[in-house]
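Down below is the structure, laid out as structure tokens.
A short reminder: the numbers here are calculations on the coordinates, not readings from a lab. In this text the structure is predicted, and so the values were computed from the model without any measurement. Cβ: placed from backbone, ideal geometry, glycine included. Neighbour counts: every protein chain shown.
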Amino acid sequence: MALTEAMDGLHSGVALAVHSVLSIHSKARVVVVDFGNCVEPEILDHLFSHEPRVLVLSVRQCQYASGSTSRNKGRYSNVLSVDINCNIAESSHDYLTLVHQLLLPVIYEFGPQMVVMTAACEWNIYPAFLPNMAGLFLPVTSDRLVMAVEIDQQRSIVVNEGIVGALSTLLGRPYHPKMSQSESLRPEVCQTILEVMKAQQGNWKSLRYHALASLVTSSTGKQESLLPSHLQQQTIKPQEDALLKPKELECFKEGQSVCLVYSEAMKEHLNYADSTHPECPDRISCIFEQLCNFGIVERCQRLKAREATLQELERVHSSRHIKFMSGLQALKPSELHHLENSFDSIYLHRRTNRCALLAAGSILTAVDCVMSGSCQHGVAVVRPPGHHAERNNPCGFCFYNSVGVAAQHAVTSHHLQRVLVLDWDVHHGNGTQHMFESDPRVLYISIHRYDNGRFFPGSADANYNRVGLKKGKGFNINIPWNKGGMGDAEYLAAFLEVVLPVATEFNPQLVLISAGFDAAVGDPLGGCNVTPECYGHMTKFLTCVGDGRVIVALEGGYNLTSISYCMTLCAKALLGDPLPCLSGNLTPCQSAVDSLISVVGAHCKFWSSLNLKGKMVESPRKQASSISTQRSISSPTSSQAVDELAASLSQVSMAEATPRKIQDEEKKEEAPGGELEGACGGGHEDSATTLILSDCLGAQELYAVVPVSWCPHLEEVQPVPDGTLNTSSACEECYDTSENWCCLTCVVWEVCI
Ligand code: X5A
Ligand code: ZN
């Protein structure tokens, strides 16, 4: 491939690298996400415009060039240009919404085996930009993500923090610096998203079957209110002079970062009269056994189950209900059986109260562990389930609303202002909704089968128009499906188009997942088709929002094999393992799209990330300042760095199995005599970034390339002939004319081996 002179180092490196990947893996599909802001963005477009295996997503702020957004109209079907006519560098909200609503649907539809993200990091890019993008792009390709980042060494700590955070994310530990509270989306960004969506609908089904697609033609309501003032935070600007102390960074802390709570004692609640009842004791032991088989239990910090206390329960349940529950242990089987009739879908046992107390208490223990900082995430394998339990009565196999108790505990005892409860049990969590529908501190989002009111628990309370009450208006989100058969496509669409935008805007300090697996393939009650992999992806997505603390707590789910795999994939997601890619058709069915359109219609007045057509309320944010430092056209990236990038990219395994692990032997072969892999080592660098990198490499978890300014081989590289670059002359080593004055293949072989 010929390099053009106008191309800067970053883009030529990426172009070469992608080219070499395709020559090795001829059937590979690669997505290039270019946040390059380069002066000549069309170069990448042109290079790959006739290469159907490559999709280029090019995001650019137009103040760097002509100011025209004409590229948004789309010239090539495999190039999607997003030109924005304002400066969004500092705005996480704008970037994230763009990625959730526009880029990810298209990327999932394209189904790449590898994503290459390029970014030339500006001085004023918000600190979490790189880790945010890494977190969102990783799951699509089972973690085959390459980030090619150009850093100006002179510039700020922000970029270094971003690099460190991105590495942490690549290692499976999403990094969460304090985010500035979301402002409204900039109108230019809304306009751009809709513009590109409209232009690209012919090319991408995911944009035709998109909840926002209707906005392109019809209009919706206006923005009524922003987040209540107590939910607004100060923008936290990183201190330019504060030196990053890599060893102290929380993300690299040793030790187990996922806690697990399970106890066999919760098997004692069972149905005497009907041993075939789906809510059976084996549900939790099967899951636990599978977690053992996959080596997950030993990788987690095991917590002891405990009973919830009276005080903890009283925050969401009436004393009458708690008394009723504790009275059960004294009753005879016949009396228990008789009592069952006064409830909807309930069986009772002498040990029911003890088990329900343990289920709630176990989740509380996980919350305390995560909030104390000793673990990042938690898994609670508990029964009986809880989300149908109301303040005053049991319902639908549930007695105490365990996740409700835990959410209230997080608010009351840990003083949290923002807790997200995400309920993906196939049934609506009526109890949880009722407990928090007036409380803006707990955002409840439920994805469930509704069937126009006919699916259990069969109340119109589960419909999309129940958005919360009083101060809690906007903080109750129901995503109701009106037929069975929903699967990965529908759940992915719900996540990309509603859950992630809203959850990101809400910026939760803790996420509790009411993780019922009765929407899974093979469930006898749910009639849906969600795969275990998809549960893994949804879990992973939730680790990317807010402070990134996630607790997965079992609710329903009645196919023992399915639920065991589902929980395993969720746990793997929390542990940072690469997840299998989602396969199969990922276009949601029309009925699901209709549901999502209704949800967006009901909530766009509360959430600016859903409100792309509405009139924006003017926020106090300062005028986007004009960029004072223009990026230089001649890039500091040396040809050496380009070579390294290309060489390293071709090393990335495209096989199905754990691509991040590179064998020890392979490393040694590649870097004879060097401490680090890559042709030129990195021993002379002592920047924060390099220290972190070498730590990672020592742990043999990641194959990374650090461009360095000098290496012993550098002097052997031949000078540019006559001081000029003739792109048509043959290679001086092999006389091949398909490459430049010295072809990459020769450079690698001559110099590095
Ligand atoms: C927790 C849960 C289901 C109740 C179904 C009653 N309950 N027909 O999944
Ligand atoms: Zn359920």
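Annotations for the structure displayed:
- Quarter of Cα convex hull surface for segment 159-215, i.e. mean projection, nm²: 6.2
- Projected-area mean, segment 92-147, by convex hull of Cα positions, square nanometres: 3.7
- Residues listed by number, segment 371-399, amide nitrogen under 17 Å from Ser345 label point at 7 Å toward C-beta: 383-391, 393-399
- Peptides 10-16, 323-329, 205-211 ranked from most to least packed give 10-16, 205-211, 323-329, packing being the mean of other C-beta atoms within 10 angstrom over each peptide's residues.
- With each label modelled as a point 7 angstrom along the Cα→C-beta vector, the Lys27-Ser413 pair spans 5.3 nm.
- For segment 491-567, the Cα-based Rg and Dmax, in that order, read 12.7, 36 Å.
- For segment 246-610, a Kirkwood radius taken over Cα pairs fed into Stokes-Einstein (4 °C, viscosity 1.567 mPa s) yields D = 64 µm²/s.
- Across all directions, the average flat footprint of the convex hull enclosing the Cα atoms of segment 287-419 is 8.8 nm².
- Expected-Rg normalisation [2.2 N^0.38 Å, Cα atoms] applied to segment 366-414: 1.27
- Förster radius 35 Å - calculated FRET efficiency between Arg454 and Thr309, Cβ distance, rounded to 0.05: 0.35
- Cα gyration tensor of segment 454-536 - equivalent ellipsoid semi-axes, whole Å, descending: 23, 18, 11
- Compared with the direct C-alpha span, the chain from Lys73 to Lys483 gains 144.0 nm at full extension, assuming 0.36 nm per residue.
- Theoretical FRET efficiency, 1/(1+(r/R0)^6), r = Cβ-Cβ of Ser326 and Ser275, R0 35 Å, to 0.05: 0.85
- Segment 269-317 and segment 475-551: distance between their alpha carbon centers, rounded to Å: 21
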